[in-house]
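What follows is calculated from the coordinates using simple rules that are stated; it is not laboratory data. Small disclaimer: the values here were computed from a predicted structure and weren't measured. Cβ atoms come from the backbone with ideal geometry, glycine included; neighbour counts cover every protein chain shown.
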């Protein structure tokens with residue numbers, strides 16, 4: 001949890017953020033889907049991420065991954081700022097996680113990252129950028145939905 | 001990776017090792033009969049359930065594949 005967020009919570013609050021991951025392996029469609037999100041501090045912010053791994057339709061030797069994320073906050077008054085913070089963090093962390101991914105794959109294949117892997121990583125980054133943009137829109141949407149909800153309570 | 005409960009990490013390691021061996025050597029070769037890791041899993045699961053309780057991790061009401069439904073596009 002970022003330092004600035006601590007003042008929204010009591011001093012004795014747990015600093016750990018617990019993450020849950022569900023995954024579905026679909027042997028029939030040859031896909032694997034993982035869904036990951038935080039289960040505490042949910043009032044401050046929830047980040048949900050979905051990754052779909054599937055066979056590249058143009059080259060069946062490749063596996064492609066589609067990564068999507070949704071950032072939402074229902075924190076009164078600052079939900080928009082929190083969502084923008086979460087989104088920016090997600091964008092910068094995607095680069096790191098792609099690097100980690102590449103590292104693990106290279107080790108599994110017992111070689112240095114091949115050109116293909118680097119290209120794939122680049123593509124993934126581009127896709128992530130697009131998705132992040134989509135996430136912004138979604139966040140705005142969620143924010144307005146949250147605002148609507150609040151109005152109903154008033 | 002360590003378990004969420006520090007005391008469960010060793011149990012997790014044993015179970016993971018058993019599962020990975022079974023998955024690679026049996027399941028992927030079409031031998032799906034038998035459950036050689038069931039005992040190890042039970043022990044590991046009990047340990048994790050205890051840790052979740054002790055750490056007050058909010059697992060009530062969690063839904064499979066995430067909190068907000070209807071993510072299309």
When a/c is below 1.5 the answer is rounded, else prolate if a/b is larger than b/c, else oblate, so apply that to chain B with a ≥ b ≥ c taken from the square roots of the Cα gyration tensor eigenvalues. oblate
Report the Cα-based extents of region A:19-109 along its three principal axes, largest first, to the nearest Å. 49, 27, 22
Note down the nm distance, to one decimal, between modelled labels 7 Å out along Cα→Cβ at residue A:92 and at residue A:19. 1.7 nm
Count, for each residue of B:56-68, the Cβ atoms from other chains sitting within 10 Å of its Cβ, then give me the mean as a whole number. 5
Computed E for residue B:28/residue B:6 - FRET, C-beta separation, R0 30 angstrom, nearest 0.05: 0.40
Rounded FRET efficiency, nearest 0.05, which uses the C-beta distance separating residue A:55 from residue B:43 and R0 of 45 Å: 0.75
